[in-house]
Every structure is written in C-alpha cells, then in structure tokens.
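Trainee: Supplied in structure tokens, the structure appears directly below.
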Amino acid sequence: MSTVKLTVNGKAVSAEVEDRTLLVHLLRDNLNLTGTHVGCDTSQCGACVVHIDGRAVKSCTVLAGQAAGSNVTTIEGIAKGDELHPMQAAFRDNHGLQCGYCTPGMIMSAIDIVHRHSGKLDEATVRHELEGNICRCTGYHNIVKAVLDAAGRMKVAQAAE
C-alpha cells in the first residue's frame, strides 16, 4: 500500500491504495468521482479520459502512483458552478450524445483537441483526433458538430477572460 497525493479538480487529495491501483479506480472507488467511466480496461475506448497536468490521458493506462503530485481534472471539474463548460454546452446543444456512457471521455478528449489545435479545426481533423474514443450509439456526426461548435465557444470564452 502507498499513499498517493495529488490535486483533483482543484482540491488536494490523498488516498491509501495498492501499488497496482489504476488512476481510474482511484478516482471512482476512492474519491467517488464516477463520471470517469471504465469501458474496456484496455485503453481502446476512451471512456476514462481525464486531464493530467492539462493533457488528455486514458486513466486506465496510468497507475495512481504515477499521477502522484499531478493536477488531475475529471469531467466533474470542468464546469464553473452551474455554468457548463463550453464543450459540455455544445454537446448538449448539438445532441452529441445518446446513452451518455462515452460522453465524459469524449468531452475531455475534445477539450484537449481544441487546446492543441488552438481552436483551428475542421471536420476531418476532429474525426481523426477522436479515433481513440469509441461511441457505439451516435455515429459521430453530432459529436463532431459539437466539437466544432465548442471550438468557437471556447475562443469567445477565452477572449472574454
């Protein structure tokens, strides 16, 4: 057993976990942050994507101990109070979800995509970048639409800050 200390959604946390504990399980089982989903346990689906120090990472591929000292952001940490993150709002407005299982990981990946491309995105780029996230319901059309919409919203929000 090891004590893992990190910052999750802006709060310092500490948990006593087995050395083999994956970050996704620390988040879900120890911190009760269940928005991060376990979809495949093989890093294929992207349902478990979180941000570690600002970069999208599949949390089923990271040992909790490897994240020690890091800043982790989960889907629960991206809204500002009752105000949805622009990506969340765009997914809602563009019907970018159906069952919702993949949505948290899809949103976290999409935020990273927008940041890495400085908001300069087209449909082909979004489709290529989302290849690591699997949705079994939507066919991706509205997800891509939502990401492109959010890229514009995020530019506006950033300019306002």
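The values are calculated or read from the model by the stated rules, or taken from the named source; none is laboratory data. Source: prediction; values computed, not measured. Counting neighbours? That spans all protein chains shown, and the Cβs are built from the backbone with ideal geometry, glycine included. Note: accessible area is taken over every heavy atom of the protein model, side chains too, but ligands, DNA and RNA are not part of it. Shrake-Rupley method; radii C 1.70, N 1.55, O 1.52, S 1.80 Å.
Trainee: Looking at the chain, identify the longest residue range that excludes and avoids all trypsin sites (Lys or Arg not before Pro) in DSSP loops having at most 11 other Cβ atoms within 10 Å.
Mentor: In short, 21-119.
Trainee: Also: Show which aspartates and glutamates lie in cross-link reach of K58 when reach means a straight Cα distance below 19 angstrom and same-chain residues fewer than eight apart are skipped.
Mentor: D19, D29, D41, E76, D112, E129, E131
Trainee: Moving to a separate point now. Using the Cα centre of region 1-160 as origin and beta-carbon charges of +1 (Lys, Arg) and -1 (Asp, Glu), tell me which of A12, S2, N142 is placed farthest towards the positive end of the dipole.
Mentor: Most positive-ward Cα: N142.
Trainee: Going Cα to Cα from K120, which aspartates and glutamates come in below 12 Å? Please leave out same-chain ones fewer than 8 positions away.
Mentor: Qualifying aspartates and glutamates at Cα under 12 Å: D149.
Trainee: Right, next: If the chain between C137 and C40 were fully stretched, how many nm would it gain, using 0.36 nm times the residue separation less the Cα-Cα distance?
Mentor: Working it through step by step, the gained length comes to 33.3 nm.
Trainee: Still on this structure, I have one more. Roughly to the nearest percent, how much of the accessible area of region 1-93 is carbon and sulfur, given a 1.4 Å probe?
Mentor: Exposed carbon and sulfur together represent 45 percent of the surface.
Trainee: Right, another one. Over the heavy atoms of M1, what accessible area does a 1.4 Å probe trace out, to the nearest 10 Å²?
Mentor: 140 Å²
Trainee: I would also like to ask the following. Given an 8 Å cut-off on Cα distances and at least 6 residues of separation, report the relative contact order of region 13-161 as a percent.
Mentor: 25 percent
Trainee: Another question, if that's okay. Assuming a ≥ b ≥ c are the square roots of the Cα gyration tensor eigenvalues, decide whether region 63-161 counts as rounded (a/c under 1.5), prolate (otherwise, with a/b larger than b/c) or oblate.
Mentor: rounded
Trainee: So, how do all the Cα-to-Cα distances of region 37-115 break down into 10 Å bins, in percent, from 0 on up?
Mentor: Spelled out per bin, shortest first, that is 19, 50, 27, 4.
Trainee: At 1.4 Å probe size, with every protein chain present, just tell me what the per residue accessible area of region 18-161 comes to in Å².
Mentor: 51 Å²
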